[in-house]
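Okay, structure first, notes after.
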Amino acid sequence: MEIEKIVVLDFGGGYIQQMARRVRQANVYCEVLPYNASIERIKSINPKGIILAGGPGSFYADNAPRCSEDIYSLNIPILGICYGAQLICHQMGGKVSMEDCGEQGEVDVNISNQSLLFKDMDDIIRCRINCKGSIQKVPQGFRVTAWSDDCPVVAFEHPERKLYGVWFYPEDVHIVEDREILKNFLYNICECSGDWKMSSFIRQTIEDIKNKVGDGKVLCALSGGVDSSVAAVLIHRAVGKQLTCIFVDTGLMRKGEARQVEKIFKDQFDINLIMVDAGKRFLDKLKGVTNPESKRKIIGEEFIRVFEECARSLGRVDYLVQGTIYSDVIESGLGDGSMIKSHHNVGGLPQHIDFKEIIEPLRNLFKDEVREVGRQLGLPDHMVERQPFPGPGLAIRVIGDVTQEKLEILREADALFRDAIERAGLDKKIWQYFAILTGMRSVGVTDGDRTYDYTIALRAVTSIDGTTADWARIPHDVLADISNTIVSKVPKVNRVVYDITSKPPSTIEWE
Ligand code: XMP
């Protein structure tokens, strides 16, 4: 049975993923397309509804994005949000003004219960308005369904033509009513049934992989991160021993991590797993290298070399697994030239392995969905909740040149830091936390003797997705405890500092 879909047309701005995730969280599958997607492309998806979202600051700016007006003749419900609402108003013959409506931030809005969009809601709801401009006159045949003291048009609609516009973000995390509005659109207007569930995704994907792979051989590079781990377990469910995973132990992992991967995948899931102990190779290549970008490049290239060598020893493989997820796909560009960054999962493939096709079983999932799939497949919590960890590993957390001794110092300090954060019950509140071995040594005193040892820096940040971040306000007594533990337990460390810079202007990692 075909799954119900919503199309989200992306008019730019950074919040489209959040919008799409809210739709998915309401159990409706959605796909993000560029605003200028052709009508044929939209039709081929056969959506139950379309959402026009995002957008530049000014509606009347040169080159302000416009979608094809043909979408209005599809007889599919359309919800325009802020810029999207302006567009519907303008394209249907109403009047949009550059002047703000006088309401910004959280406001009380009066609604008409006659609108299906506001079904079963109170007469006055609280919304967050931060759209630019205002609707001066709704198009002919449309009616106003929400208004506030200073803003005469907060929502408008033409129910017969199934067109709806709202002047606030109906996926706002903080305002409960807003989510109800999105649900009303999805369920009462688009008549979705809510068939997007991770359990059915798992069932369907396993069946698809079985059909595609047949008795072919599948190869997966396991990093221990959430995406590759979930992808591996999912494929294993479908093809069992036809899957081989390779874990390249770069020697740059955190304390106990390589062993943990082995325990889970080999012992718990009984997956064919090859552990390649390549620590020495990586250290040799990194010897004397201090430039962060050079380190990254060397590690990336060496990783591919080791992986290729190991894979070649397996003979011909038919499929190579990639842990690409939907945010990677969106961030790598939707095909309209709006690329934000090229993602390391897209590209960077080994060139010397002969394989027929790439399988990307998580390509359509957001991170929270990937985690849910992992949980349902039986992966332990610490694995599905794992914080982001850079591909180059601890090499970019040892400032300057990397040596075995420095890695061991960092591994110990990092493990103690992470343990203390967990014991203080802060692990779910902080987005990412880790230790850095700074390239600095300084004078200290231990048991009356002068020392000249390393400084460990602690980094802990709150963030939504890592693009911006703030330093976490860890209580002073917790910091004091961590500092005491590190200097007393880790040899060659006599000073601990806490990084109190946000991103920007800093980055989360130090290199
Ligand atoms: P920055 O340091 O750029 O980090 O603020 C943002 C997020 O990305 C992670 N990061 C990396 N991940 N390879 C990766 O796979 C890398 O080279 C890399 N550098 C940074 C970082 O840990 C943070 O979560």
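The values are calculated or read from the model by the stated rules, or taken from the named source; none is laboratory data. Everything numeric here is computed off the predicted structure, so don't read it as measured data. Counting neighbours? That spans all protein chains shown, and the Cβs are built from the backbone with ideal geometry, glycine included.
Only one entry of I482, I456 meets the criterion of being away from the ligand (no atom under 16 Å from the Cβ) and not in a strand (DSSP E or B), and that entry is I482.
Within the range 469-484, how many residues turn out to be acidic (D, E) and in contact (Cβ under 8 Å) with a residue 40 or more places away in the chain? The qualifying residues number 1.
Checked against the criterion of being over 25 Å from the mean Cα position of the chain (by Cα), modelled with pLDDT under 95 and in a loop (DSSP other than H, G, I, E, B), the range 69-89 has no qualifying residue. Right, R179: over 17 Å from L52 (Cβ atoms), of a type outside the set (A, V, I, L, M, F, W, C) and at pLDDT below 90 or not? Answer is yes for this residue. When only residues in the range 280-298 that are buried (at least 16 other Cβ atoms within 10 Å of the Cβ) and either within 13 Å of the ligand (Cβ to nearest atom) or among the aliphatic types (A, V, I, L, M) (or both) count, which is nearest to T507 (Cα to Cα)? Checking each candidate, the answer is P292.
The rows are residues; the columns are (1) free of Cβ contacts under 8 Å to residues at least 60 places away in the same chain; (2) buried (at least 16 other Cβ atoms within 10 Å of the Cβ); (3) outside the structural domain of F307 (by TED's automatic domain parsing).
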site: F185; (1), (2), (3): no, yes, yes
site: R203; (1), (2), (3): yes, no, no
site: E207; (1), (2), (3): yes, no, no
site: K210; (1), (2), (3): yes, no, no
site: V213; (1), (2), (3): no, yes, no
site: K217; (1), (2), (3): no, yes, no
site: L222; (1), (2), (3): yes, yes, no
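Checked against (1) touching a strand residue (DSSP E or B) at 6+ places or on another chain (Cβ under 7 Å); (2) within 26 Å of V28 (Cβ to Cβ); (3) free of Cβ contacts under 8 Å to residues at least 12 places away in the same chain, K266 passes all but condition (2). Considered as a group, the residues in the range 466-479 that are more than 16 Å from the ligand (Cβ to nearest atom) and β-branched (V, I, T) include one that is surrounded by the fewest Cβ atoms within 10 Å (Cβ to Cβ), and that residue is V478.
Scanning the range 366-424 for residues that are within 16 Å of the ligand (Cβ to nearest atom), modelled with pLDDT of 95 or more, outside the structural domain of A480 (by TED's automatic domain parsing) and not in a loop (DSSP other than H, G, I, E, B) yields V370, R371, G393, L394, A395, I396, V398. Which pairs do you get when a residue that is within 26 Å of A415 (Cβ to Cβ) and among the basic types (K, R), found in the range 366-387, comes within reach of a residue that is away from the ligand (no atom under 16 Å from the Cβ) and assigned to a helix (DSSP H, G or I), reach meaning Cβ atoms under 7 angstrom, with the pair 6+ apart or on two chains? What qualifies is R371/V384; R375/V384.
Okay, residues lined up against (1) in a loop (DSSP other than H, G, I, E, B); (2) modelled with pLDDT under 95; (3) more than 27 Å from the chain's Cα centre (by Cα):
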| site | (1), (2), (3) |
| --- | --- |
| G55 | yes, yes, no |
| S58 | yes, yes, yes |
| N63 | yes, yes, yes |
| G93 | yes, no, yes |
| V107 | no, yes, yes |
| M121 | yes, yes, yes |
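In the range 485-511, the qualifying residues are those that are among the hydroxyl-bearing types (S, T, Y), without any contact (Cβ under 8 Å) to a residue 24 or more places away in the chain and within 16 Å of the ligand (Cβ to nearest atom), and the one that is surrounded by the most Cβ atoms within 10 Å (Cβ to Cβ) is S506.
R143 meets each of the listed conditions (1) at pLDDT below 95; (2) over 24 Å from A61 (Cβ atoms) apart from (1).
Whenever a residue of the range 456-468 is assigned by TED's automatic domain parsing to the domain that holds S327 and free of Cβ contacts under 8 Å to residues at least 24 places away in the same chain, it has no partner that is of a type in the set (V, I, T) and assigned to a strand (DSSP E or B) lying with C-beta atoms less than 7 angstrom away and at least six residues away or across chains. Within the range 129-159, the set of residues being within 12 Å of Q104 (Cβ to Cβ), charged (D, E, K, R) and surrounded by 15 or more Cβ atoms within 10 Å (Cβ to Cβ) comprises just one member, K132. Residues in the range 346-376 that are crowded, with 19+ Cβ neighbours inside 10 Å and among the aliphatic types (A, V, I, L, M): I359, L362, L365, V370, V373.
Residues that are surrounded by 12 or more Cβ atoms within 10 Å (Cβ to Cβ) and at pLDDT below 95 within the range 439-465 comprise G439, S463, D465, listed in sequence order. Between K285, K255, K266, the distinction of being in a loop (DSSP other than H, G, I, E, B) and not polar (S, T, N, Q) belongs to K255 only.
Is it true that C30 is closer than 21 Å to F168 by Cβ and assigned to a loop (DSSP other than H, G, I, E, B)? Criteria not met by C30. Can you find a residue in the range 390-400 that is touching a Phe, Trp or Tyr at 6+ places or on another chain (Cβ under 8 Å), surrounded by fewer than 18 Cβ atoms within 10 Å (Cβ to Cβ) and touching a residue at least 40 places away in the same chain (Cβ under 8 Å)? Within the range 390-400 (the criterion being touching a Phe, Trp or Tyr at 6+ places or on another chain (Cβ under 8 Å), surrounded by fewer than 18 Cβ atoms within 10 Å (Cβ to Cβ) and touching a residue at least 40 places away in the same chain (Cβ under 8 Å)), the answer is yes, since at least one residue qualifies. For the range 432-452, check the following and say yes or no: at least one residue is in contact (Cβ under 8 Å) with a residue 60 or more places away in the chain, in a loop (DSSP other than H, G, I, E, B) and within 12 Å of the ligand (Cβ to nearest atom). No: zero hits.
Return the residues of the range 1-27 that are assigned to a loop (DSSP other than H, G, I, E, B) and more than 19 Å from D368 (Cβ to Cβ); say none if nothing qualifies. Residues satisfying the conditions are M1, E2, E4, F11, G12, G13. Of all residues in the range 185-235, those satisfying the criterion of being more than 30 Å from G393 (Cβ to Cβ) and among the hydroxyl-bearing types (S, T, Y) are Y187, S193, S199, S200.
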